[in-house]
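Heads up, the thing below is written out as structure tokens.
The values are calculated or read from the model by the stated rules, or taken from the named source; none is laboratory data. Just so it is clear, the structure is predicted and the values come from calculations on it, not from any experiment. Cβ coordinates were reconstructed from backbone atoms using ideal geometry, including for glycine residues, and neighbour counts include every protein chain displayed.
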Amino acid sequence: MTTMEQNADFAGYARLDKQNIPQQIVNQIQEHIAAQKLKTGDQLPSERELAIQLNVSRSAVREAVKILVSIEILEVKHGLGTFVKEPQLRPLTDLSLVEDGVKKMLMRQAIEVRALIDVEVTRLAAMHATPADIKDLEDYLAMSVVEPMKSKRKYGHDLGFEKIIAKAAKNIYLSELQKKAHSFFEEAWNSGGFIPRKAEERNIQHREIVDAIKNKNPDLAVRLMKEHMNINI
């Protein structure tokens, strides 16, 4: 177990302005965690020491720690100190106070999980899809071109498309894993307010993936799905 004095020196870090100092302290601690300068189990400096390093009041530090404890990023062990908590799989919509850089990190991780599942799903679909599955995919493509998104779920056409591919893959376990991966992605997206790709680009990519599945070409289908998953955030 290490302390933050050893891992991350806050002295001389970005100066805090006079507005909302506790939130700025929250952001700086989260940035250290995202950059792996602080890891699970690391101990923060004392309230007094952290206040000195950041040149802020102890009450501001106390409030920042309270926020981070409430969203389960830190934990206080009475008689020992304050520590970085083991990451929890929790709804990201609860993290309204999380700094934007951390939201982007969580979004990247959600994309990685989604890609891990959906790339394999696509490979199996190219091997096992029936004519009925191809018709379902074609029908979905036609619908997504003519029907605009009616909700705020701007990623909905992507996830709906991938769900139909999972049906074509004929693997119920992967389908269940996909549901969980998609739920992580939705939570991260809703938390971060990210901008979706253009519908025209999405539809072209979907068309190419369906053609590869229809032609029973797993290698091409996998390559196209990987390119499709390369989302810039």
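For the stretch 1-101, give me every one of the helices (runs of 4 or more DSSP H) that falls completely inside it and has 3 or more residues that are more than 30 Å from ALA181 (Cα to Cα) and at pLDDT 85 or above. It would help to see each step written out before you state the result.
Details: elements: 4-7, 21-34, 47-54, 58-70.
Passing ranges, in order: 21-34, 47-54, 58-70.
Could you grab the pairs with beta carbons closer than 9 Å, sequence gap of 6+ or different chains, first residue in the stretch 204-221 and at positive phi, second one assigned to a helix (DSSP H, G or I)?
LYS216/ALA126; LYS216/MET127
Which number in (1) surrounded by 15 or more Cβ atoms within 10 Å (Cβ to Cβ); (2) at pLDDT 85 or above; (3) closer than 19 Å to GLN109 by Cβ; (4) of a type outside the set (Gly, Ala, Ser) marks the one condition that LYS163 misses?
Evaluating LYS163 over (1) surrounded by 15 or more Cβ atoms within 10 Å (Cβ to Cβ); (2) at pLDDT 85 or above; (3) closer than 19 Å to GLN109 by Cβ; (4) of a type outside the set (Gly, Ala, Ser) leaves (3) as the failure.
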